[in-house]
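A short worksheet on the structure shown next.
Laboratory data are not the source of any read-out in this text; all were calculated from the coordinates shown. Please read these numbers as outputs of a predicted model, since none were measured by experiment. Please note: Cβ atoms are built from the backbone with ideal geometry, for glycine as well, and neighbour counts cover all protein chains shown.
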Amino acid sequence: MPSTVLKLFTDNNAKIDQKILEDDTFQIDFEELSSHQAKYLCIITSGHLEKSLQDIGTKYKTDGGISGCAKFLGNMRNPKWCNVLSYLVNIDARLISALDYKVTNKEQIKNHLDMLSTARNNIAHGKTAEITIHDMDGIIQSVDKLIKSIKEIVEHHISEIESSI
């Protein structure tokens with residue numbers, strides 16, 4: 001199953017293809033198009049990560065019956081590695097040790113999240129974002145792996161909570 005990010009990207013590419021078919025005077029600068037697509041991927045990947053983490057926090061809060069963490073769970077913004085860890089600690093500090101155990105390539109994921117955050121902030125503030133489609137491919141893989149790992153950890157913790165009741 002393709003990730004949500006790749007589905008959004010594919011849908012956007014279909015719109016571009018349709019525009020090209022409708023306008024025979026449409027000129028393509030593939031380097032510029034690739035740059036725009038990388039930036040677009042950056043924004044939707046960042047949004048996807050933020051929304052996924054918020055959904056995971058809400059699920060843990062409601063299904064795990066952990067109401068105490070509710071006041072700490074606001075909107076996840078600027079998903080740098082350190083911010084993701086802080087967000088997880090606010091959900092449940094045990095998630096960090098479980099994540100350390102489950103994720104083997106933490107340094108790569110950390111670098112990808114920090115690269116994603118920097119590029120996203122540069123795009124948002126009108127600065128040059130030095131990010132390529134190739135960079136985004138690795139970032140998307142890291143984000144998908146991180147989200148999947150955190151979801152599995154949270155589901156495991158929820159099942160432990162439910163079985164102890």
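Structure notes:
- With the cut-off at under 13 Å, measuring from each backbone N in region 96-120 to a point 7 Å along the Cα-to-Cβ line of Leu85 picks out 96-101, 106-111, 114.
- Here the spin labels are modelled as points 7 Å beyond Cα on the Cα-Cβ line, and at Glu160 and Asn105 they lie 2.7 nm apart.
- Low-density loop positions, GluC sites (Glu not before Pro), region 81-165 - DSSP coil, at most 14 other Cβ in 10 Å: Glu130
- For His156, the shell of other residues with beta-carbons less than 13 Å away shows a net charge of -1, using +1 for Lys and Arg and -1 for Asp and Glu.
- Electrostatic bookkeeping for Met76 treats Lys and Arg as +1 and Asp and Glu as -1; over the other residues with beta carbon under 14 Å from its beta carbon, the sum is +4.
- Other residues with beta-carbon under 12 Å from the beta-carbon of Asn111 carry, at +1 per Lys or Arg and -1 per Asp or Glu, a net charge of 0.
- Using a Förster distance of 25 Å, the FRET efficiency for Asn122-Lys151 (Cβ separation, nearest 0.05): 0.30
- Greater than 19 Å apart at Cα, pairs in Lys39/Lys59; Lys61/Lys102; Lys39/Lys80; Lys106/Lys148: Lys39/Lys59; Lys61/Lys102
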